[in-house]
Amino acid sequence: MIPRYSRPEMVAIWSPETKFRIWYEIEAHACDAQAALGVIPKANAEAVWRAKDVEFNVARIDEIEAVTKHDVIAFLTHLAEIIGNDEARFVHQGMTSSDVLDTTLNIQLVRAADLLLAGLDRVLSALKARALEHRDTVRIGRSHGIHAEPTTMGLTFARFYAEMARNHDRLVNARKEVATGAISGAVGTFANIDPAVEEHVCKMLGLEPEPISTQVNRDSPHAAHRSAGGRGIFQPRPKGQLCHAAQAQPGADRKPDRACPAGADGGGAGDGKCCALA
């Protein structure tokens, strides 16, 4: 955002610090739900909350990402630095990056909408006051750009009020539309994570579970870019990039790590090992 054109409250919503804080909250609540289901140890879920008052180091996360070429892995690595590798071993289990990225984006959109709605409430209040104040203030009306029958400033302000009320309703509907979250795992099938985790995370963060997700949240701006890989269905992995969680799932041999496939053009596949996040 351009600082001189933005309010501090809105800038804060879209800051890296806020983004990582939301990532953390999603992961921590997911761990709580996983522990309640008996999927991960309760002690590990509790350990994640040790970072609840920590301000995540954006520069450090960027430094890690320069090596991993993967934003979520970089963040999880930094979280492990804070709470300990053993304590963090079950964080993100069964999840995919889109669960974090798209849900976070929707939380930010909801918060931004709430900020705008609060401003619209003040505008509507001011317009209503002016409409009543000037109900008898006569002014010339205009039709086709020329003087017409007399009207009042009160009626003009009332028209502005009606227009802004419609805008308010549109924003309320838009907020409702984006207030969803998805914690459904790779390709959105819940194959490696219980739907109860999604329900818990969404409840704790003021969202509704996404009715249908195919790994990406249906209306997320992230979705179109990631689902097509930017250049088509198959895209070579940048050299050094660690695998996504979906590619770190145990294979037929039940080994959590396996070699990354080469890109469609036969290009390099990083260091040939996946990061076992899930």
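The values are calculated or read from the model by the stated rules, or taken from the named source; none is laboratory data. For clarity, every value in this text was computed on a predicted model and none was experimentally measured. In this analysis, Cβ positions are derived from the backbone assuming ideal geometry, glycine residues included, and neighbour counts consider all displayed protein chains.
Only residues that are outside any helix (DSSP H, G or I) and either hydrophobic (A, V, I, L, M, F, W, C) or surrounded by fewer than 17 Cβ atoms within 10 Å (Cβ to Cβ) (or both) were counted in the range 155-183, giving 3.
Looking only at the range 55-71, decide whether some residue is within 20 Å of Glu198 (Cα to Cα) and touching a Ser or Thr at 6+ places or on another chain (Cβ under 8 Å). Among the residues of the range 55-71, not one is within 20 Å of Glu198 (Cα to Cα) and touching a Ser or Thr at 6+ places or on another chain (Cβ under 8 Å), which makes the answer no. Does any residue of the range 150-169 turn out to be of a type in the set (D, E, K, R), within 30 Å of Thr18 (Cα to Cα) and within 36 Å of the chain's Cα centre (by Cα)? Looking through the range 150-169, at least one residue is of a type in the set (D, E, K, R), within 30 Å of Thr18 (Cα to Cα) and within 36 Å of the chain's Cα centre (by Cα). Only helices (runs of 4 or more DSSP H) whose full extent lies in the range 6-70 are considered here, and the ones with at least 3 residues that are at negative phi, crowded, with 17+ Cβ neighbours inside 10 Å and touching a Cys at 6+ places or on another chain (Cβ under 8 Å) are 42-48.
Filtered by the rule that a residue be in contact with a Ser or Thr (Cβ under 6 Å, 6 or more places away or on another chain) and either of a type outside the set (A, V, I, L, M, F, W, C) or modelled with pLDDT of 95 or more (or both), the range 153-189 gives Met153, Gly181, Ala182, Ser184, Gly185, Gly188.
Of everything listed in (1) surrounded by 11 or more Cβ atoms within 10 Å (Cβ to Cβ); (2) over 20 Å from Asn106 (Cα atoms); (3) of a type in the set (Gly, Ala, Ser), the single unmet condition for Gly145 is (1). Do we find that Ile193 is of a type in the set (Val, Ile, Thr), within 30 Å of Val39 (Cα to Cα), exposed (fewer than 15 other Cβ atoms within 10 Å of the Cβ) and under 32 Å from the mean Cα position of the chain (by Cα) in this structure? No. Taking every residue in the range 85-96 that is under 15 Å from Asp194 (Cα atoms) and at pLDDT 95 or above and pairing it with any residue that is assigned to a loop (DSSP other than H, G, I, E, B) and of a type in the set (Phe, Trp, Tyr), at least 6 positions away or on another chain, the pairs with Cβ-Cβ distances below 9 Å are Gly94/Phe190.
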